[in-house]
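To start, the structure under review is shown below, and the notes come after it.
What follows draws every value from the coordinates through simple rules; no lab data is involved. What you are looking at is a predicted structure, and each value in this text was computed from that prediction instead of being measured. Note that each Cβ is placed from the backbone with ideal geometry, even for glycine, and that neighbours are counted across all protein chains shown.
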Amino acid sequence: MKQKILLILTSIVLGLFISEIIARSYFYFQNKVNLDWNIKYKFDDRDSSTFRIGILGGSTSNGYPYDLVGVKLGFKPRRQEDFTLPSFTKIILENFYNYEDIIIDKYCDSGWTMQKTVESYFNKAMYKPDLLVILSGFNEITSYYSPNMKSVPFILLPLRNFKIGELFLRIFFIRPFKETDINYKGGFFSQKALPDFEKRWLYERYAKYLKILIKHCKKENIPLLVIIPDGNYTFPPTRNIFKGDITKKKRAQMMFREVIYYTYFNKNLLLAEKRLLSIKKFCEFADLYYELGNIYYIKNDYEKARDYFRKAIDIDGYSLSPSSTLRNICRTLAVNNRIPVIDMHNIVTDNMKFPIPDYSCYIDNAHLKLRTYFELNKEIINVIKGYNLLNFNNIVNNSSGRNRIKTDYTYDEALSRLYIPEDFEYRLSHNTYDWYNEQSNYFFLKYRLTLKMMELRKIIDKDNSSKLTDEEKQEKERILDWVGFE
């Protein structure tokens, strides 16, 4: 009998060992095959006198919300093309450097991930680009995963340390994104967030498709520019995962309710800060770090604010902004392959002189204000110059256009080359208000978004109404009821 039991146990262990080897081999060879994936046809012949810029990414690359031509913003470049991330590069080269033959090819759209935008380029590119620009990293969670994950039982968590175990957990506990499942249904501390083992999978997929693009560009001798994504640090996190002594979880939530009351209703930041620092001694979660960052941001202590905001993004269980890990993937792959790189964080803090990426340069969590697009494109121009992608000496010395060359162009001069309707600010505010309303589905603490929506409504209503809407009243009552203060 003992021999039979020993034989059965040995068979199980051997079977699991073989399964693990097969799983690891499968993932290894799948990645290796995909890295050899390339365009399945040759580029068509093209006019060599033109300069083609291919833009890859999601909605920011696609120029959102300024890309909504004739739909909400009525906003167009003078030549009637859709606005995209490199539109200011085109404007600058055409209007200030007298270079008329700039063509932008789009391989991007709202909600697209790294995988989706790279696949789009491989499937649609007809002409070889003179420069490829990619900015991607905001949609890796929301485009793939439901905001309502199934929680993995504690007893099964050790399986995440094995590939075969990871595969099992992914099959039975990971819920994909569905249009009918966009409203978060959990509590303040969530059991429905993206598990750590799935985040590893996410980062591997992101890196894999960026590697594919890099390999292709090297093979075809195409200059590639990687823009490291960074979001609005003052945009709140969506999901809190409690990390600490589980017996103190209820205490942490009760103390944090006081923080919300002191910060947003009683306006006592000193008490709020003391409560947050007390909570920080025995646990951590995204909103804890966010509110600390917000307090130091209000106090103009930007170094502390930046550190806490960054921590909030990195431990958010369903983040709408790129994590430090994802940003480092971009930086590492670009540096290791000697690819030019622009960091959006540096555009904000160095070029625009804002100490924190905030609503001064972002419309929401990800989408850029026009001035931010302009500053980013000035750096793209510098890359084009620095890597001699265009012969600027020939352009400047062109006798027929010498008087038109202007290297000290300003934002207002570039902006004047766009058609902007008189009611642009109203349209943009209305569009952003609707966007916030949609994004609020991901949040438990929706009130902070409600405050931003109230600011936008002042523009929309032209300051004619100070009364709260029914939705705003409902959200205020809901948060006060949750806080439990009179």
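Summary of computed values
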item	result
Gain in span if fully extended, Lys219 to Leu468, counting 0.36 nm per residue against the direct Cα distance	83.8 nm
Rel. contact order, % - alpha carbon contacts under 8 angstrom, at least six apart, region 129-286	28 percent
Length released on extending from Ser151 to Phe168, taking residue separation times 0.36 nm less the Cα-Cα span	4.7 nm
Mean Cβ neighbour count within 10 Å, used as a protection proxy, ranking 300-310, 252-262 highest first	252-262, 300-310
Theoretical FRET efficiency, 1/(1+(r/R0)^6), r = Cβ-Cβ of Asp101 and Arg371, R0 35 Å, to 0.05	0.85
For region 240-316, the fraction of alpha-carbon pairs in successive 10 Å shells from zero, as %	21, 54, 24, 1
Alpha carbon centroid spacing (whole Å) that separates region 438-482 from region 263-292	22 Å
Arg52 long-range amide H proximity, modeled H, under 5 Å	Ile103, Asp130, Leu131
Estimated inter-spin distance, Glu477 and Asn437, nm [label 7 Å along Cα→Cβ]	2.0 nm
Highest-first arrangement of 205-212, 114-121, where packing means the average Cβ count within 10 Å	114-121, 205-212
From phi via Karplus (6.51, -1.76, 1.60), per-residue ³J(HN,Hα) for region 216-227 in Hz, x at Gly/Pro	4, 5, 5, 5, 8, 6, 10, x, 10, 10, 9, 9
Nearest-20 debye value, region 198-296 charge dipole, Cβ charges on Lys, Arg, Asp, Glu	380 debye
Estimated inter-spin distance, Leu270 and Tyr419, nm [label 7 Å along Cα→Cβ]	5.7 nm
